[in-house]
Structure formats: C-alpha cells, structure tokens
1. Need the failing condition index for Asp329 against (1) closer than 17 Å to Thr270 by Cα; (2) open to solvent by 30 Å² or more (accessible area, probe 1.4 Å), just the number.
2. Scan the range 191-202 and give yes if some residue there is under 13 Å from the mean Cα position of the chain (by Cα), closer than 24 Å to Ala83 by Cβ and at pLDDT below 95, otherwise no.
3. Show the residue pairs meeting these rules: Cβ distance below 9 Å; 6+ apart or different chains; first residue within the range 1-16 and under 16 Å from Pro192 (Cβ atoms); second residue at pLDDT below 50 and open to solvent by 100 Å² or more (accessible area, probe 1.4 Å).
4. Hey, can you tell me all the residues within the range 260-287 that are open to solvent by 10 Å² or more (accessible area, probe 1.4 Å) and part of a loop (DSSP other than H, G, I, E, B)?
5. Give the number of residues within the range 295-321 that are open to solvent by less than 10 Å² (accessible area, probe 1.4 Å) and closer than 18 Å to His145 by Cβ.
6. Quick one: which helices (runs of 4 or more DSSP H) lie wholly within the range 54-147 and hold at least 1 residues that are at pLDDT below 85 and among the aromatic types (Phe, Trp, Tyr)?
7. So the check is Cβ under 8 Å with 6+ separation or different chains; which pairs have a first residue in the range 209-220 that's at pLDDT 80 or above and a second one that's among the aromatic types (Phe, Trp, Tyr) and outside any loop (DSSP other than H, G, I, E, B)?
8. For the range 158-217, how many residues are closer than 27 Å to Thr67 by Cα and in a loop (DSSP other than H, G, I, E, B)?
Amino acid sequence: MSRTEQVARPLRFQFRAMNTDVEVQLSAGREEAEHAATVVKNWFETQEQRFSRFVADSELNRLNASTGWMPISAAMDEVLSLAYGYIGLTEGIFQPGISQALQASGYDLSFEKVQQRQLKRPLIERVLRTRTPESSGWLEDRYDHSRPSWIQREGSRMVHLDPGAELDLGGIVKGWAVERIADWLQRTLHIPAGLINAGGDIQVWGSPDHSQWTLQVADPLQNQGAMSGAIRLQRGAVATSGISRRQWQNTDGSFAHHLIDPRTMEPADTDVLQCTVLGQHASQCEIIAKTVCILGSAEAVGWLNRHYDRHDVLWMTRDGSNYFRGNTDTLAEHWPGFDPDHRFSLL
C-alpha cells in the first residue's frame, strides 16, 4: 500500500479510558498514526487519573477533600473555568456540585461495578429526603443549582470549595478531553484528517483526501428501529447523552440513572431518552445534550432558543417521538435517514 493510499484510508485504534471506549481514526502514514494514537491514549489515561472520582488519589478527590485554598493543575483550572461558564449558560442545569447526589442515587462506584454489585445493602436515602426544618436552609444554600460551589482565584490556579461541597466533572471532562487532543493533533502533529470518539463525544476534521465523516447514531430503544440514522460532516463535533445506557435498579425495585437534575438532586424525571447535538466543539455539544435530557422536551426548546441558536439538536422521547431543533434546510444533508416527528427551525 502506498503512502497516499495509507493517508486516504484512516487507520483505526481503540482502547478503554475514562470508563468508556475511546475510538481514534487518523489519516496519516502508519508510523505517524501509531505514534499519534499512543499520545492520545496517554492523554486520556492522564485525564482519567486527574479527574476520576473512582481513583482514590485523583486531583479531583484531593480537591473534594480539601479545606481552604488548594493549588490545582492547569488542566483542572481550565475545566473548572469552562464548567463555571456553562453553569450560567444552562441556567444551572449543568452543575458539577452533584457528586453526593450521584452517590446517593447508587452511582458510588464505577459503572461496571454498579452493574455487577449485588443489591444487598439498604437503599441509600436521597439527599433532599434528609432535610429537616432546622437543616433546610443550609441544604438550600449548599445545593443552590444557580451558582458554582467553588471560587477560583484568577491568575493563580488556586481553588476554594464551599464547605461540604463535592464536585463531579464527568459531565464535561470527556468532551473537553476530546476537543483538546483533536486540536493538538491538528496543530502540533499536523494530522490532516481524524476522528476522536470518547463514548459518543466526538470531534472530527477532514482533508481533501477525506472530506466527510459518517457517524452512526445509537438507538436508545435497542434495535427497535427507532432513531436509526447517521450524521455526515466534514469538520465539527457531535455528542450524545441519554438515560437508557447508564441506569441501574435499586433495592426497592426503582430504576435510577446518572443524569442528576440539580433542582431536585434526584435522577432527572424526563421524557427524553437520548439527545444528539451537532456543532463545532465537543464539550459544548456534550453540555447541550445533557441539558436537553435533564430538562425534557417541554422546557428544552425554550432553553435552546434562548442560548444555542446555531446547533442542530435531535432527541427521542419515551413514546418513540423524534424532535429536531436546528437548521431544517440542511437536515437531509447532515442527518440522512432521519425524519423527525417534530421540527423547530433556528430563530
């Protein structure tokens, strides 16, 4: 195979990190692609060690255990700054201060261990159900979803958490890691075309030899034929979030999932099973997808109109209906195979 043929056909690599499958496709010579894939793998493993709440000595866990001001890495500072902004843009629906609520809902181990665990222990009481008249004021302040539960000292990489606050950054780190390493591969290694996919958070870029990517959208109804289709794009980002894949059963027979509504500190009571967002930045698409899932259809359209007027957003509800809000003129081009039941054009 010639070098030209090697470059035209992306080489594919796969590994597991951040509690998900990571796929890498790179248009480059084999030696270049293998070197780049090794760098990508090291990048994701490093960020897992930094941001995972399931790694005992992770920087995140050290931050959650800290009192007073704590020095943090440049990566942590960047992610916290990004998260700070998204709290405002999502009107508090994206809120990293939900770590204790996740644990209370049953997500206190990595998801594989949650699935494997025998349900022998009593159901842990949910955070808001522990309120008393004496403590309600303190808890309302502690779980005020409209504001961050930390302070960053500008220019110093120092952070101070609110007393009792614990952060979970799983709702933003994957998207951030995907777009950062994709940008580095283009700027530093000059990879002409590539795809980075971390559990549905995807960044792609193209070249004349590889001008378009086709991405399959998972079916949240598990092979029942609904919402099957693809996304086609030359450059940009796609992210998918939902409640159907990371869910578990508690000892009382109820099901819980990992998308916590910060207004209740419970798994979101939503009609949205899955949401896929098409845009330019993986972290932003990830936040939008999660916010739509948490809000539900009735609130999502209004919120999208207020804040994100340039993204294509497709979601499916429990009754099997498809909703699309975005550029309807390019729906057939970018979303082949989809015929949404409800369409909302960009304002």
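1. So Asp329 meets the others, but not (1).
2. Within the range 191-202, one or more residues are under 13 Å from the mean Cα position of the chain (by Cα), closer than 24 Å to Ala83 by Cβ and at pLDDT below 95.
3. Every condition considered, the pairs that remain are Arg9/Met1.
4. Arg263, Thr264, Asp269, Asp271, Gln280, His281
5. Final tally of qualifying residues: 3.
6. Where helices (runs of 4 or more DSSP H) fall fully within the range 54-147 and carry at least 1 residues being at pLDDT below 85 and among the aromatic types (Phe, Trp, Tyr), they are 111-116, 136-142.
7. From the range 209-220, no pairs qualify.
8. 11
The values are calculated or read from the model by the stated rules, or taken from the named source; none is laboratory data. Just so it is clear, the model here is predicted, and its values are computed rather than measured. In this analysis, Cβ positions are derived from the backbone assuming ideal geometry, glycine residues included, and neighbour counts consider all displayed protein chains. Side chains included, ligands, DNA and RNA excluded: accessible areas come from the protein's heavy atoms. Shrake-Rupley method; radii C 1.70, N 1.55, O 1.52, S 1.80 Å.
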